[in-house]
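The values are calculated or read from the model by the stated rules, or taken from the named source; none is laboratory data. Since this is a predicted model, take the numbers as computed values, not measurements. Neighbour counts run over all protein chains shown; Cβ positions are idealised from the backbone, glycine included. Side chains are part of the model used for accessible areas, which takes the heavy atoms of the whole protein and leaves out ligands, DNA and RNA. Shrake-Rupley method; radii C 1.70, N 1.55, O 1.52, S 1.80 Å.
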Amino acid sequence: MKKITIIALYALLASYFSIINGQTRVIAHRGHWNTPESAQNSLTALRLAHELSIYGSEFDVWITSDGIPVINHDAVIDSIYVEDQTYEQLQRITLSNGEKIPTLEQYLESGSKLPDIKLVLEIKPHKRIVNEDLLVNKVVDMVRSFNLEDRVDYISFSMNICKELKRKSPQATIVYLSGNVSPADLKTLGLSGLDYSYKTLSEHPEWIDEARDLGLTTNVWTVNDTTMMKVFIEKGIDFITTDNPIELNKLLTK
């Protein structure tokens with residue numbers, strides 16, 4: 001119990017100072033999963049991320065062959081593409097903590113009961129463009145059905161997905177991941193910001209200031225090393241996506 005209290009205190013302090021000082025904020029990559037009772041992209045990982053009082057919890061969305069949006073990181077499970085399997089077939093898969101692969105509906109329902117955390121929803125690039133477009137429509141409609149438009153940030157490596165999101169939900173926060181588009185071009189496309197790898201932003205550190213000057217948000221992924229965290233905190237990056245949200249929170253409260 002004492003450990004939980006200390007962690008919660010760090011989280012609350014980090015949240016407070018980030019709001020007051022405009023500091024870097026924390027996004028838990030695939031939720032807060034690196035604990036014994038959790039698993040990547042599980043409902044438990046979302047709940048544990050919420051308990052840290054951080055900005056957001058990131059998760060990954062695919063569509064099955066029978067049109068069900070599901071939460072999983074990889075395109076392939078047991079040598080078969082997720083988009084080529086039915087939801088029923090996916091139910092044979094058990095996550096490391098004993099949970100089943102959740103549907104997006106289950107995930108959003110859980111998220112709707114956890115206030116004050118952003119749901120950072122990554123729509124994965126699919127083999128078929130038609131599946132990307134179908135998934136965008138289903139995702140946006142489902143987010144609206146839960147009244148979560150103001151709590152969902154969309155991210156994707158697919159420019160097609162970003163453009164479809166912009167068309168379907170023009171007021172949404174939509175951020176690009178691939179790292180091959182300049183801040184100026186992202187602004188022209190009407191996107192909200194960039195979310196690039198630490199390697200890309202180490203090669204193009206000027207993009208952080210350029211994005212800020214254009215009114216775009218900046219995020220860096222996936223930063224697990226404390227030295228690299230400090231580098232991007234000093235650069236004034238808006239968000240850091242990490243597998244170690246507790247460590248990042250500690251740095252932000254020093």
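Listed here are the residues, each with its yes/no results for (1) of a type in the set (S, T, N, Q); (2) modelled with pLDDT of 95 or more; (3) in contact with a Leu (Cβ under 7 Å, 6 or more places away or on another chain); (4) open to solvent by less than 60 Å² (accessible area, probe 1.4 Å).
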position	(1), (2), (3), (4)
Val175	no, yes, yes, yes
Asn180	yes, yes, no, no
Pro183	no, yes, yes, yes
Lys187	no, yes, yes, no
Gly190	no, yes, no, yes
Leu194	no, yes, yes, yes
Tyr198	no, yes, no, no
Glu203	no, yes, no, no
Leu216	no, yes, yes, yes
Does region 104-127 contain any residue that is surrounded by 20 or more Cβ atoms within 10 Å (Cβ to Cβ) and either of a type in the set (Phe, Trp, Tyr) or over 30 Å from Leu216 (Cβ atoms) (or both)? yes
Can you pull out the residues in region 150-172 that are under 19 Å from Trp207 (Cα atoms) and either part of a helix (DSSP H, G or I) or of a type in the set (S, T, N, Q) (or both)? Ser156, Met159
Since His73 meets every condition but one in (1) within 26 Å of Val181 (Cβ to Cβ); (2) in contact (Cβ under 8 Å) with a residue 40 or more places away in the chain; (3) in contact with a helix residue (DSSP H, G or I) (Cβ under 8 Å, 6 or more places away or on another chain), which condition does it not meet? (3)
Give region 127-144 a look and list any residue that's touching a strand residue (DSSP E or B) at 6+ places or on another chain (Cβ under 8 Å) and outside any helix (DSSP H, G or I), or say none. Lys127
Scan region 69-97 for residues that are open to solvent by 50 Å² or more (accessible area, probe 1.4 Å) and over 16 Å from the mean Cα position of the chain (by Cα) and report the count. 13
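Taking the stated definitions as given, is Asn147 open to solvent by 20 Å² or more (accessible area, probe 1.4 Å) and part of a loop (DSSP other than H, G, I, E, B)?
Answer is yes for this residue.
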For Lys254, state whether it is over 23 Å from Ser57 (Cβ atoms) and outside any helix (DSSP H, G or I). yes
Before we move on, is Phe239 crowded, with 16+ Cβ neighbours inside 10 Å, within 24 Å of Ser156 (Cβ to Cβ) and over 16 Å from the mean Cα position of the chain (by Cα)? no
Please give the number of the condition Lys199 fails out of (1) over 16 Å from the mean Cα position of the chain (by Cα); (2) free of Cβ contacts under 8 Å to residues at least 40 places away in the same chain; (3) assigned to a loop (DSSP other than H, G, I, E, B). (3)
